[in-house]
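Take a look at the structure below.
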Amino acid sequence: MHEFLLVGATFLACLVEMVEALTIVLAVGATRGWRSALYGTYTAVAVLAALVVTLGPRLASLPIGSLRLVIGGLLVVFGLGWLRKAILRASRLKAFHDEQSIFEEQEREAREMTRSSSAVDWYSFTVAFKGVLLEGLEVAFIVVTFGGAQHSVGLASAAAAAAAVVVLVAGLVARRPLVRVPENTLKFCVGVMLVTFGIFWASEGAGIKWPGGDTALVPLLAYVAVASLLMVRLLRRTRPLDRPREVPA
Amino acid sequence: MKYVKQFVLFCWDFVVGDDWRLAGGAVAGIALTFLLAHLGRNAWWLLPVLIIAALALSVGMVARRSRPRPSQAQAADATRQSRQHHG
């Protein structure tokens, strides 16, 4: 049960973040050439992998009680951020992430920048590196915390790598941003899973014994999901503005 | 010093996100659960209730802020009515 949810949450989180990173790399690569954009992407992936490889085993060697208290707390706080955004977007109180407009904006900026005479186009390298690193940091965080608390960093990393391959292949086939991916629904699911696991582990780490042991995760997951859906339903009744006030993140 | 400050701000934004009160509520809930557990109370229900309450409050505040104020709504209605008259 734990493993199934662990793989599911990491796979979905990585899928969403990689779609966003792909948009940036595609825009820069298509406008200024692929070589430097791909160098930037590879470097960012290497940095992220080094982070997971360095931090993952160290976390796994800590005592499980305190580890679950700290990681559970971090997952609750981090997951609440994802869930809050997803609820606000689903309720139309916050603008949706628009991959097409982000792609066009990146493309325009890339065209306006002057090209350097060196072999590596540093603008492409930096933009691709920054995009992949920043989007991938959230995935690395989930892999390290989720995998660390469950002592399955390898499994979480494999799920993240599988999602990255899926997005990469889809991106290579489409050669344009993946606008049809239901990003907010995926973020909502990931947020629900992160908050559920966070509550479960933080409570256990604090010294709580769950009724039914690990099986308590199922009703807890249902509770968080139903409560979040109910919030969306209630918020949709609130008359929204013509344009959402919050700036998309 | 500038880079340290920027790094700390980045970490804060990365983990805490848009609403620090939501994160504060979660930390307070965990601390309360820890305290009760160490006083011999198995309050397993406490954290789920507090977390959902904090989330509801946070999104509720955004909804309240996005609702047009009565004076704004009245002004918008008045403009619409005057346009209908002239149009």
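For the stretch A:19-34, the Karplus equation 6.51 cos²θ - 1.76 cosθ + 1.60, evaluated at θ = phi - 60°, returns couplings of 4, 5, 5, 4, 4, 5, 5, 4, 5, 5, x, 5, 8, 10, x, 7 Hz by residue, with Gly and Pro reported as x. Quarter the surface of the alpha carbon convex hull of the protein assembly as shown and you get the mean projected area, 21.9 square nanometres. The phi torsions of the stretch B:29-36, fed into the Karplus equation with coefficients 6.51, -1.76 and 1.60 and a -60° offset, translate into couplings of x, 5, 5, 5, 4, 4, 4, 5 Hz, rounded to whole numbers, with Gly and Pro shown as x. Among A:Thr126, A:Thr54, A:Thr238, the largest mean-square fluctuation in a Gaussian network model of chain A (Cα springs under 10 Å) belongs to A:Thr238. Comparing mean-square fluctuations of A:Ala30, A:Ala225, A:Ala156 from a GNM of chain A with C-alpha springs under 10 Å, the top value falls on A:Ala30. Applying 1/(1 + (r/R0)^6) with r as the Cβ-Cβ distance of A:Lys130 and A:Ala158 and R0 = 22 angstrom yields a FRET efficiency of 0.25. Pairs of C-alpha atoms in the stretch A:154-240 farther apart than 23 Å represent 47 percent of all such pairs.
Neighbour counts of C-beta atoms inside 10 Å place B:Trp44, A:Trp122 in the sequence A:Trp122, B:Trp44, starting with the fewest.
The mean count of C-beta atoms from other chains within 10 Å of the C-beta of residues in A:211-219, rounded to a whole number, is 1. Proximity of backbone amide H atoms, modeled 1.01 Å from N, is registered between A:Asp121 and A:Ser36 at under 5 Å, excluding neighbours fewer than 5 places apart on the same chain.
Say we join alpha carbon atoms closer than 10 Å with springs in a Gaussian network model of chain A; which of A:Arg32, A:Arg84, A:Arg58 then has the biggest fluctuation? Of A:Arg32, A:Arg84, A:Arg58, the most mobile in the Gaussian network model is A:Arg58. Annotation for the stretch A:51-87 versus the stretch A:4-46: alpha-carbon center distance of 22 Å.
Shown in residue order for the stretch A:69-86 are the 3J(HN,Hα) couplings computed by the Karplus curve 6.51 cos²θ - 1.76 cosθ + 1.60 at θ = phi - 60°: 5, 5, 5, x, x, 4, 5, 4, 4, 5, x, 4, x, 5, 5, 4, 4, 5 Hz (x for Gly and Pro).
Readers should treat all values here as calculations from the given coordinates under stated rules, not as data from a laboratory. Since the structure is predicted, the reported quantities are computational estimates derived from the model, not experimental observations. So basically every Cβ, Gly included, is an ideal-geometry build from the backbone, and we count neighbours across all protein chains shown.
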